[in-house]
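Everything below concerns the one structure shown next.
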Amino acid sequence: MQSSPDFVQDRFVNGFHPRWVRFAIGHSALEWSPGIARLVLDGAVENELSDAEIDDHRTAPRWNLHWTPPLTLTVRARFSHAAGELLGTAGFGFWNDPFDWSGNVQAPPNALWFFYASPQSDMSFVRGLRGHGWRAGFLNGGKADPLTMAVGNAVFKIPGMDKLVFATAEKMMNAQEILLDEIDMTQWHEYKIVWRADEAIFSVDAQQKFRAKNPPNVPLGFVAWVDNNATTMGPGKEFSFSRVAVPMREWMEVAYVKIERTE
């Protein structure tokens with residue numbers, strides 16, 4: 001595993017921490033003022049990617065990323081628009097960046113995060129859970145060899161086979177998540193993820209919201225982002241993927257990020 005410090009804290013007092021890769025494409029921008037990092041979309045165009053993010057997953061291969069449990073992530077953040085009004089997807093946490101630029105899955109998805117999807121999306125691996133909104137949870141896809149991933153991508157592209165692929169993935173993947181409909185995304189909140197080998201605990205403003213067993217244990221990278229993606233995926237759903245127009249200016253502001261190794 002790539003070596004990582006036991007403690008990273010960024011309060012954005014003098015810009016961005018040198019650890020973060022700053023990424024902005026399309027109609028997006030990264031803005032800074034003392035104590036605030038702002039990830040912005042402004043006038044994103046349909047069918048064209050616009051994405052603003054800070055991360056450290058781009059500095060290592062996905063099979064050798066930086067962070068493993070036990071650790072705690074704390075993020076203080078707010079959004080320009082409420083759930084249902086913010087367009088695209090947004091959030092922060094850890095993942096393994098499983099997709100290539102062509103949309104092929106290069107590794108089983110593993111993620112542990114606070115995640116938002118607008119109503120244009122319908123994506124959930126937990127049956128019976130609404131596929132859009134502000135949520136906390138994880139995907140534990142484990143590991144797979146390159147041949148298995150190549151076969152899965154090939155089968156997925158055969159018309160009508162996407163449901164079979166997702167049915168198989170559902171059996172192999174442990175997905176746990178809850179919706180956070182009671183949280184006003186436009187207000188400042190302190191979000192925390194305690195990531196242990198056997199469980200993950202999600203809290204908002206020191207109030208525990210979700211606790212679940214068997215989170216991912218593969219190395220993951222940090223990411224915080226706002227983009228214009230919309231996806232339909234999950235058990236029993238026909239897969240679709242698009243980029244939506246975002247005619248207004250929308251953003252996520254982050255006041256601090258702290259990652260600390262814990263016992």
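Readers should treat all values here as calculations from the given coordinates under stated rules, not as data from a laboratory. On a predicted model such as this, the values are computed, not experimentally measured, just so you know. Here Cβ is always computed from backbone atoms with ideal geometry, including for glycine, and neighbour counts include all displayed protein chains.
Normalised by 2.2 N^0.38 Å, where N is the number of residues, the C-alpha radius of gyration of region 7-261 stands at 0.95. Subtracting the Cα-Cα distance of ARG211 and GLU260 from their residue separation scaled by 0.36 nm leaves 15.7 nm. Among the chymotrypsin sites (Phe, Trp or Tyr not before Pro) found in region 169-241, those both in a DSSP coil and sparsely packed, with 14 or fewer other Cβ atoms within 10 Å of their Cβ, are TRP188. Taking the Cβ-Cβ separation of VAL45 and GLN9 as r and a Förster radius of 30 Å, what is the calculated FRET efficiency to the nearest 0.05? Calculated transfer efficiency: 0.25.
The GluC sites (Glu not before Pro) of region 1-54 that meet both conditions, a loop assignment by DSSP and at most 14 other Cβ atoms within 10 Å of the site Cβ, are GLU46, GLU48.
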